[in-house]
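Everything on this sheet refers to the single structure shown next.
The values are calculated or read from the model by the stated rules, or taken from the named source; none is laboratory data. Given the structure is predicted, the values throughout are model-derived calculations rather than measurements. Backbone-built Cβ (ideal geometry, glycine too); neighbour counts: all protein chains shown. All accessible areas refer to the heavy atoms of the entire protein, side chains included, with ligands and DNA or RNA removed. Shrake-Rupley method; radii C 1.70, N 1.55, O 1.52, S 1.80 Å.
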Amino acid sequence: MAKNDKPKKLLVEGQDDLRVIPELIEKNGIFWGNKKEEAIISIQECGGYENITSDLIYTELQTRGRTHLGLMVDADDDAFLRWQSIRNACFPNIPNLPEALPENGLIINTPDNQKFGVWIMPNNIIEGMLETFLGYMIPEQGEYLWEYAQEVVREAKNKGATFKESYIDKAEIYTWLAWQNEPGRQIHQAIKYNILNPNNPKVQGFINWFKELYDL
């Protein structure tokens with residue numbers, strides 16, 4: 001096992017995922033560790049979903065000392081199709097995966113008795129991404145402004161804003177964050193400094209999955 005790698009590991013798509021998860025877990029009562037080498041779980045960003053391959057999953061499961069492995073990816077346009085893609089990638093190593101992803105996320109034991117889990121953002125059911133999930137954390141006092149941010153983003157799109165339609169949730173959350181004190185916080189900072197509410201009941205499904213998968 002490489003230096004700073006842990007028996008418990010999570011594979012994610014990108015840097016935002018890597019930064020958000022420790023803040024979110026700490027805000028839900030679990031100490032993550034002050035330094036990378038102290039982290040309770042290793043997180044590896046893979047540079048996009050396309051790089052979370054069957055070979056990578058096999059390598060991680062075969063890593064000496066690996067006890068837990070999780071995948072956290074975005075649904076993007078279709079959660080069911082994303083699950084089928086993951087299932088196909090996992091099948092050579094984990095043949096007992098269900099046809100449909102459970103609504104509360106997947107947690108199973110592999111043939112080698114490792115815990116393996118999958119969560120598809122935002123909630124294993126609908127289309128979306130990490131930023132869709134972050135939208136669940138808008139505090140009650142910020143909801144009016146959140147609705148306005150959504151209106152503004154859609155109006156901007158109608159007037160020629162060039163972001164992809166599939167990125168509208170990303171545009172909305174960053175627009176809302178731009179109007180907070182201080183403007184321009186990164187999304188993990190918005191959790192750390194309580195601009196977003198990481199204890200919203202809509203978030204607890206993911207928190208419960210994470211705790212159960214990693215025996216926290």
Problem set entry | Mean separation of Cα contacts under 8 Å, 6 or more apart, over the residue count of the stretch 134-216: relative contact order % | 40
For this session: Please sort 115-128, 6-19 by packing, taking for each peptide the average over its residues of neighbouring beta carbons within 10 angstrom, highest first.
Result: 115-128, 6-19
For this session: Mind checking the per residue accessible area of the chain for me, 1.4 Å probe, whole number of Å²?
Result: 51
For this session: Measure nothing fancy, just the Cα-based angle from helix 79-90's long axis to the longest principal axis of the chain, in degrees from 0 to 90, nearest 10.
Result: 30
For this session: Search the structure for amide H atoms under 5 Å from the amide H of Leu69, placed 1.01 Å from N in the peptide plane, and list their residues when 5 or more places away or on another chain.
Result: Lys9, Lys115, Phe116, Gly117
Problem set entry | Nitroxide proxy distance, nm - points 7 Å out along Cα→Cβ at Asp5 and Arg64 | 1.0
For this session: Let me know the Rg and Dmax you get for the chain when you use only its Cα atoms, in Å.
Result: 17.7, 55
Exercise. Per the 1.4 Å probe, what fraction of the accessible area of the chain, in percent, lies on carbon and sulfur atoms?
Worked result: 47
Problem set entry | Stretch gain in nm, segment Ala156-Ala39, where the contour uses 0.36 nm per residue and the Cα spacing is subtracted | 38.0 nm
Seminar exercise, completed: Taking Rh as the Kirkwood radius computed over alpha-carbon pairs of the stretch 103-161 and applying Stokes-Einstein at 10 °C with viscosity 1.306 mPa s, one gets a diffusion coefficient in µm² s⁻¹ of 111
Problem set entry | For peptides 37-48, 165-176, sequence by mean Cβ density within 10 Å, most packed first | 165-176, 37-48
For this session: Based on the mean of other Cβ atoms within 10 Å per residue, sort peptides 105-111, 158-164, 91-97, 187-193 so the most packed one is first.
Result: 187-193, 105-111, 91-97, 158-164
Exercise. Taking only DSSP H segments of four or more residues, each worth -39500 (n - 2.57), what value at 222 nm results for the chain once the sum is divided by all its residues, to the nearest 500 deg cm²/dmol?
Worked result: -11500 deg cm²/dmol
Problem set entry | Long-range HN-HN contacts of Lys6 with modeled amide H, under 5 Å | Ser42
Exercise. For the cross-link pairs Lys115/Lys202; Lys36/Lys202; Lys35/Lys170; Lys27/Lys170; Lys36/Lys159, which exceed 32 Å when the distance is taken from alpha carbon to alpha carbon?
Worked result: Lys36/Lys159
Exercise. Considering the dipole of the chain built from charges on the beta carbon (Lys and Arg +1, Asp and Glu -1) around the Cα centre, which of Gln114, Met72, Asn194 is farthest to its positive end?
Worked result: Gln114
For this session: Work out, step by step, the length gained on full extension between Gln186 and Tyr148: first 0.36 nm times the residue separation, then minus their alpha carbon distance; give nm to one decimal.
Result: 11.7 nm
Exercise. When only alpha-carbon atoms count, how far does the stretch 56-142 stretch along each of its three principal axes, as whole angstroms with the largest first?
Worked result: 48, 26, 20
Seminar exercise, completed: Taking Cα pairs closer than 8 Å and at least 6 residues apart, the relative contact order of the stretch 2-56 in percent is 50
Exercise. Between Leu81 and Ala100, what is the label-to-label distance in nm when each label sits 7 Å out along the Cα-to-Cβ direction?
Worked result: 1.9
For this session: Please report the relative contact order for the chain, taking Cα pairs under 8 Å with a sequence separation of at least 6, and give it as a percent rounded to a whole number.
Result: 23
